[in-house]
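Here's the structure, in structure tokens; my notes come after.
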Amino acid sequence: MPDYVLIDGDLAEFLPTFGAATVVVRPGQMKGSGLASWNGKIWCVDGDEKQLAVPGCSYITPVYSIPGVGTLKIAALAANQKAQITQSGGKAVLLKGIQFTAKFEVQAPAQQQPPEPGPPIPDSTASYSGLGSFITLNTNLQAT
């Protein structure tokens with residue numbers, strides 16, 4: 001089924017729930033590297049999603065209430081987010097699709113107050129999984 005082609009400047013929007021972690025999310029901007037363009041905007045192709053990163057997002061969990069910081073990334077695209085037929089430069093064109101799998105990589109762990117006087121206890125989880133979706137400026141060009 002045809003879907004909208006992602007283009008340079010489209011947004012990856014992340015849901016704030018990443019398992020036990022709640023992240024203060026911000027959208028990330030896609031950078032297209034395809035050979036084709038639409039209205040002067042380069043198409044996004046397979047692999048462009050791996051370049052997207054949104055650093056400096058804070059997070060907490062029910063146990064670790066002192067905020068930590070990490071980076072949002074796209075972990076994997078859904079099957080409906082890669083064109084089966086349409087390519088640009090020998091790579092599958094990326095499509096809006098439904099939802100991708102997201103990853104939140106912890107750089108500075110959230111912490112919990114200790115039960116006794118002493119230093120805070122850091123979160124030992126290095127990354128959390130979540131979901132996200134694309135918002136495209138392209139409302140005309142579709143591909144399969």
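Taken together, the values in this text are just the output of simple stated rules run on the coordinates, not laboratory data. A quick note: this is a predicted structure, and the numbers were derived from the prediction, not measured. We place every Cβ from the backbone using ideal geometry, glycine too, and count neighbours over all the protein chains shown.
When Ser129 is tested against the conditions (1) crowded, with 17+ Cβ neighbours inside 10 Å; (2) of a type in the set (Ser, Thr, Tyr); (3) under 19 Å from Val25 (Cβ atoms), the lone failure is (1). Determine whether Lys82 is more than 28 Å from Thr22 (Cα to Cα) and of a type in the set (Lys, Arg). Answer is yes for this residue. For the stretch 22-31, enumerate the residues that are touching a residue at least 40 places away in the same chain (Cβ under 8 Å) and in a strand (DSSP E or B). Correct list: Val23, Gly28.
Residue pairs whose Cβ atoms lie under 8 Å apart, separated by 6 or more positions or on different chains, with the first residue in the stretch 86-103 and touching a residue at least 60 places away in the same chain (Cβ under 8 Å) and of a type in the set (Gly, Ala, Ser) and the second crowded, with 18+ Cβ neighbours inside 10 Å and not in a strand (DSSP E or B), are Gly97/Leu77; Gly97/Gln81.
Tyr64: of a type in the set (Ser, Thr, Tyr), closer than 18 Å to Phe134 by Cβ and touching a residue at least 24 places away in the same chain (Cβ under 8 Å), yes or no? The answer is no for Tyr64. The sole residue among Gly47, Gly19, Gly34, Gly70 that is of a type outside the set (A, V, I, L, M, F, W, C), within 24 Å of Thr139 (Cβ to Cβ) and touching a residue at least 24 places away in the same chain (Cβ under 8 Å) is Gly34.
Scanning the stretch 77-111 for residues that are of a type in the set (Gly, Ala, Ser) and under 14 Å from Glu13 (Cα atoms) yields Gly97, Ala102. In the stretch 44-87, the residue that is surrounded by the fewest Cβ atoms within 10 Å (Cβ to Cβ) out of those that are part of a strand (DSSP E or B) and among the hydroxyl-bearing types (Ser, Thr, Tyr) is Ser58.
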